[in-house]
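Peer 1: Questions regarding the structure given below will be posed in turn.
The values are calculated or read from the model by the stated rules, or taken from the named source; none is laboratory data. Please read these numbers as outputs of a predicted model, since none were measured by experiment. Here Cβ is always computed from backbone atoms with ideal geometry, including for glycine, and neighbour counts include all displayed protein chains.
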Amino acid sequence: MELKISDRLGALPPYLFADLRRKIADARAKGVNVITLGIGDPDTPTPDPVVRELIRAIDDRKDQNRHRYGCDVPAEAFPVAARNFYKRRWDVDLQDDQLVCTMGSKDAIVKLCLGVLNPGDVGIAPQPGYPTYNIAHVFAGASTYYVPLRASNDFLMDFDEIPTDVRRHAKILWLNYPNNPTTAIATVDFFARAVEFGRANDILIMHDSAYSENTYDGYSAPSILQVPGAADTAVEFFSLSKAFSMTGWRVGFLAGNASAVNALKLVKNNVDNGTLRAVQLAAAKALDLAGEIIPPVNEIYRRRRDMVCDALEKAGWPVRKPKATIYVWAPVPEKYEGSSGAFAEDLLNTAGVVVTPGLGYGAAGEGFYRISLTYPDDVLAEALGRIVETAKK
Ligand SMILES: *Cc1c(COP(=O)(O)O)cnc(C)c1O
């Protein structure tokens with residue numbers, strides 16, 4: 001039988017980079033040695049102490065519960081480590097009911113939306129932005145109101161741009177700083193404005209904090225939960241994926257507003273039954289050792305960031321060095337007249353290098369492109385050499 005996908009699945013926007021993927025396949029078929037700088041998935045391995053803790057925990061025959069459902073028999077060390085991390089890192093005290101372990105943020109973003117949105121509800125999301133926010137809305141039968149992030153406002157969301165009727169109907173609002181794809185950073189003052197907006201309009205602020213630890217040049221990213229009283233109206237998604245090189249492990253946590261945390265717990269109890277205890281224990285170890293683990297990895301990204309920005313400068317396409325994230329977000333060179341698609345296509349055809357066109361993140365992303373720093377130095381160097389050559393032509 002020919003299975004027909006559900007209307008829900010059919011309602012998702014087409015995969016944004018499907019077109020680019022086909023063009024890459026065409027170039028490869030023509031014999032071009034294509035280098036992709038498109039995907040944000042760390043190449044550096046998960047740090048040894050974390051891997052060793054996983055092996056120890058899964059092989060710990062004294063632990064009668066090591067095979068059990070992670071939500072029924074949680075690993076006590078995980079919430080302790082998460083709370084200690086927030087205390088050390090931001091001087092934020094999380095209560096027991098303000099924290100739940102997740103299978104990474106992407107999963108939790110969708111599940112929390114299923115737990116809080118009804119069909120017809122509205123969620124507010126940034127554009128350009130991480131596509132999962134809108135996908136989560138669609139899965140919940142809700143819709144998305146996009147607020148453009150503008151270079152002229154340092155890619156911070158301008159709450160004044162949100163019309164009154166949208167404020168009245170929206171139930172949640174997404175923020176993500178340090179930001180993917182724009183690499184923008186926010187201050188605690190900005191988060192305070194967001195919390196105030198949430199409180200005034202009865203909107204839950206969902207802060208996706210996937211890159212809070214990927215920072216450079218002495219910059220330290222704030223947490224929205226540093227704002228006094230933030231947990232009344234905000235939650236924060238913390239993920240171990242990017243900073244600890246643990247994307248495949250699927251682990252993170254949601255912190256903040258207790259009723260939102262509870263909604264996510266309810267969905268999880270009915271859908272996934274929690275994260276394997278050994279993974280929770282290894283994640284706890286990672287959080288405990290963050291101060292040792294993260295700086296050397298960030299030093300690798302900083303070096304690559306400098307390589308990329310210096311090469312783009314040399315190509316005559318200058319870009320400001322980002323203080324955070326694992327990306328460079330750069331304006332499309334002048335001769336392409338702001339078309340990120342035309343630039344990406346020309347770069348693929350003439351240099352065999354793939355970058356992500358900003359248009360893929362929605363119309364507000366047009367005029368920019370994204371390079372990911374998650375590729376080995378020699379791959380990056382080869383790609384950058386080709387880009388500089390192309391620029392001369
Ligand atoms: C990578 C990424 C995530 C997903 O992280 P996981 O915890 O691996 O699911 C979430 N948000 C943004 C903005 C990301 O770039």
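Peer 1: Restricting to segment 1-53, what's the tally of residues that are over 30 Å from Lys285 (Cα atoms), touching a residue at least 40 places away in the same chain (Cβ under 8 Å) and assigned to a loop (DSSP other than H, G, I, E, B)?
Peer 2: Going through segment 1-53 one residue at a time, the tally reaches 10.
Peer 1: So, one more: Any residue at all in segment 98-106 that's within 15 Å of the ligand (Cβ to nearest atom), part of a helix (DSSP H, G or I) and without any contact (Cβ under 8 Å) to a residue 60 or more places away in the chain?
Peer 2: There is at least one residue in segment 98-106 that is within 15 Å of the ligand (Cβ to nearest atom), part of a helix (DSSP H, G or I) and without any contact (Cβ under 8 Å) to a residue 60 or more places away in the chain.
Peer 1: Give me the residue from segment 138-153 that is of a type outside the set (Val, Ile, Thr) and not in a loop (DSSP other than H, G, I, E, B) and, out of that set, farthest from the ligand (Cβ to nearest atom).
Peer 2: Filtering segment 138-153 for residues of a type outside the set (Val, Ile, Thr) gives 139-143, 145-146, 148-153.
Right, trim to not in a loop (DSSP other than H, G, I, E, B) and you get 139, 143, 145-146, 148, 151-153.
Values: Phe139: 15, Ser143: 20, Tyr145: 19, Tyr146: 15, Pro148: 17, Ala151: 19, Ser152: 22, Asn153: 19 Å.
Out of the qualifying residues, it is Ser152.
Peer 1: In the set Ile135, Ile109, Ile124, which member is in a helix (DSSP H, G or I) and either within 10 Å of the ligand (Cβ to nearest atom) or crowded, with 21+ Cβ neighbours inside 10 Å (or both)?
Peer 2: Numbers: Ile135 fails: either within 10 Å of the ligand (Cβ to nearest atom) or crowded, with 21+ Cβ neighbours inside 10 Å (or both); Ile124 fails: in a helix (DSSP H, G or I).
Answer to the check: Ile109.
Peer 1: Let me ask you something else. Which ones in segment 242-264 are among the β-branched types (Val, Ile, Thr) and surrounded by fewer than 22 Cβ atoms within 10 Å (Cβ to Cβ)? So that I can check it myself, show each step before the final result.
Peer 2: Of all residues in segment 242-264, those among the β-branched types (Val, Ile, Thr) come to 247, 251, 261.
Answer for segment 242-264, where residues must be among the β-branched types (Val, Ile, Thr) and surrounded by fewer than 22 Cβ atoms within 10 Å (Cβ to Cβ): just Thr247.
Peer 1: Continuing with the same structure: Applying the selection to segment 112-121, what residues are under 19 Å from Thr233 (Cα atoms) and away from the ligand (no atom under 16 Å from the Cβ)? First the steps, then the outcome.
Peer 2: So the first thing to find is which residues in segment 112-121 are under 19 Å from Thr233 (Cα atoms), and the list is 112-118, 121.
Passing the criteria: Gly115, Val116, Leu117, Asn118, Asp121.
Peer 1: Does Val261 satisfy the condition of being within 11 Å of the ligand (Cβ to nearest atom), under 14 Å from Cys71 (Cα atoms), of a type in the set (A, V, I, L, M) and touching a residue at least 40 places away in the same chain (Cβ under 8 Å)? Let's see the steps before the verdict.
Peer 2: Numbers: within 11 Å of the ligand (Cβ to nearest atom): no; under 14 Å from Cys71 (Cα atoms): yes; of a type in the set (A, V, I, L, M): yes; touching a residue at least 40 places away in the same chain (Cβ under 8 Å): yes.
Criteria not met by Val261.
Peer 1: Hey, can you tell me all the residues within segment 244-258 that are away from the ligand (no atom under 15 Å from the Cβ) and part of a loop (DSSP other than H, G, I, E, B)? Full working, then the answer.
Peer 2: Start the filter on segment 244-258 by keeping residues that are away from the ligand (no atom under 15 Å from the Cβ), which leaves 256-258.
Asn257, the sole residue that qualifies.
Peer 1: Oh, and also: Looking at Asp121, Asp91, Asp72, Asp96, which one is within 21 Å of Gly198 (Cβ to Cβ) and not aliphatic (A, V, I, L, M)? Steps first, answer last, please.
Peer 2: Details: Asp91 fails: within 21 Å of Gly198 (Cβ to Cβ); Asp72 fails: within 21 Å of Gly198 (Cβ to Cβ); Asp96 fails: within 21 Å of Gly198 (Cβ to Cβ).
None of the others qualify; the one that does is Asp121.
Peer 1: Then there's this: Checking Gly367 against (1) at pLDDT below 95; (2) over 21 Å from Tyr211 (Cα atoms), which single condition isn't satisfied?
Peer 2: (1)
Peer 1: To continue, here is another question. Pull up segment 226-243, narrow it to residues that are away from the ligand (no atom under 16 Å from the Cβ) and among the polar types (S, T, N, Q), then point me to the one that is farthest from Asn257 (Cα to Cα).
Peer 2: Applying the filter and picking the extreme gives Gln226.
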